[in-house]
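See below for the structure under consideration.
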Amino acid sequence: MIVAEDLHVGYDDRPVLHGVGLEARPGRVLGLLGPNGSGKTTALRTLYGSLRPARGRVTLDGRPLVTMRPREVARRIAVVVQESDADAMLTVREMVALGRLPRLGTFQRTGAVDRRAVDAALLRVGALPLAGRLYADLSGGERQRVLVARALAQEADFLLLDEPTNHLDIRYQHEVLGLVREVATSAVVVLHDLNLAARYCDDLVLLDRGRVAAAGAPGAVLEPALLERVYGIGVTRTDVGGHPQLLFHPLSTDQERLPA
């Protein structure tokens, strides 16, 4: 389990998170929600050690993350961040094979087990036909599927994803998040689409200006009055198949966003 306690995180002299706490529990998908600038990506980066909190701590199965070596963290936590062109001249298969590096010893080369893991990951995200193509030649949606495959090939215990449905059409948005639910791991997912969060997440943390506005099951967090205050937009909710579904509309001119 990944547990964050009383996180205070910022960049230079600009505070971003103020006392944030959350838990990523075994076998569950935790969604991080909130408007732009609310601290979702900052929280995610702190969970895998890219950022260190000024106060508070993150523990991985009870061990403080700061006491663990980077390779050890990489074996336990796989991360999908916003796409980068840094490895654009690699083939798709080579990109996904990077996920096997934490599993290899010093100077060890990939072998049959690693190749099978790469092929299995590509197959699961529907990208096996792309294996021989250059990553640079792919569409945005194809790149995102490859990055998810790389994380799956890592075979880590925890999967952390920053907006994994970006650039994906509706079908692949649902397929990727459905895949996240299927893998035998705990997952933390930053999402903008509240309806996708309602459908695929077991637990939600709603951030507003760096603080936790609400946390719990989707049915408890996705309340129209709360969402209207946090997002500044009108919300109508219905429930379909046991999942909240939200419709959005502009607030009337006499309505204002209430203070947090």
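Values quoted throughout were computed directly from the atomic coordinates according to the rules given, and no laboratory measurement underlies them. Only a predicted model underlies this, so the values are computations on that prediction, with no experimental measurement involved. Here the Cβ positions follow ideal geometry from the backbone for every residue, glycine too, while neighbour counts run over all protein chains shown.
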Once amide H atoms are built 1.01 Å from N in the peptide plane, which residues 5 or more positions from LEU51, or in another chain, come under 5 Å H to H? THR46
If you put +1 on each Lys and Arg Cβ and -1 on each Asp and Glu Cβ, how big is the dipole of segment 92-175 around its Cα centre, in Debye rounded to 20? 360 debye
Leading residue at positive end of dipole, segment 2-249 (Cβ point charges), from THR185, HIS18, ALA225: THR185
What angle do you read, to the nearest 10 degrees and between 0 and 90, between the alpha-carbon axis of helix 112-124 and the longest principal axis of the chain? 40 degrees
Determine, for each peptide in 71-79, 111-119, 188-196, 14-22, the mean count of other beta carbons within 10 angstrom over its residues, then list the peptides with the highest first. 188-196, 71-79, 14-22, 111-119
Which whole-Hz couplings ³J(HN,Hα) result when phi for each residue of segment 13-27 is put into the Karplus expression 6.51 cos²θ - 1.76 cosθ + 1.60, θ = phi - 60°, listed in order with x for Gly and Pro? 9, 9, x, 10, 9, 10, x, 7, x, 6, 9, 9, 8, x, x
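Multiply the residue separation of GLN108 and ARG55 by 0.36 nm, subtract the distance between their alpha-carbon atoms, and state the gained length in nm to one decimal. Please report the intermediate quantities before stating the final value.
Numbers: separation 53, 0.36 × 53 = 19.08 nm, distance 3.84 nm.
Gain in length upon complete extension: 15.2 nm.
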Taking the chain as the reference, fit the longest principal axis to its C-alpha atoms, fit the long axis of helix 140-153 to the helix C-alpha atoms, and give the angle between the two in degrees, 0 to 90, nearest 10. 70 degrees
Can you give the charge dipole size of segment 2-249 about its Cα centre, rounded to the nearest 20 debye, using +1 on the beta carbon of Lys and Arg and -1 on the beta carbon of Asp and Glu? 680 debye
Round to the nearest 10 and give me the degree value, 0 to 90, for the angle of helix 170-182's Cα axis relative to the longest principal axis of the chain. 80 degrees
